[in-house]
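Taking it in order: structure first as structure tokens, then the write-up.
FYI, it's all coordinate maths here, none of it is from the lab. Remember, it's a predicted structure, so these values are computed and weren't measured experimentally. Reconstructed Cβ throughout: ideal geometry from the backbone, glycine too, with neighbour counts over all protein chains shown.
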């Protein structure tokens, strides 16, 4: 699980976890509650997409008090990703 592998925050709990496909790329979407290294409660939105033996990582981080407003924005941004812009 990619979301737990960082020194910037301590994972508190996974809020949601589900498969996702964006522009034909398969992956996984996670939303988690965490505490950053300054003690502030945060929410992390993360999508990992597997592409040709590599991966694309999309991460959005926001203070817990702003999560209701920004998590849908992070989701919309992730879903707008195009594999080939040309």
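Out of region 66-82, which residues are farther than 15 Å from residue 15 by Cβ and either in contact with a strand residue (DSSP E or B) (Cβ under 6 Å, 6 or more places away or on another chain) or not in a loop (DSSP other than H, G, I, E, B) (or both)?
69, 73, 76, 77, 78, 79, 81
Condition first: assigned to a loop (DSSP other than H, G, I, E, B) and in contact with a helix residue (DSSP H, G or I) (Cβ under 9 Å, 6 or more places away or on another chain). Now tell me which residues in region 2-60 satisfy that.
Selection gives 23, 40.
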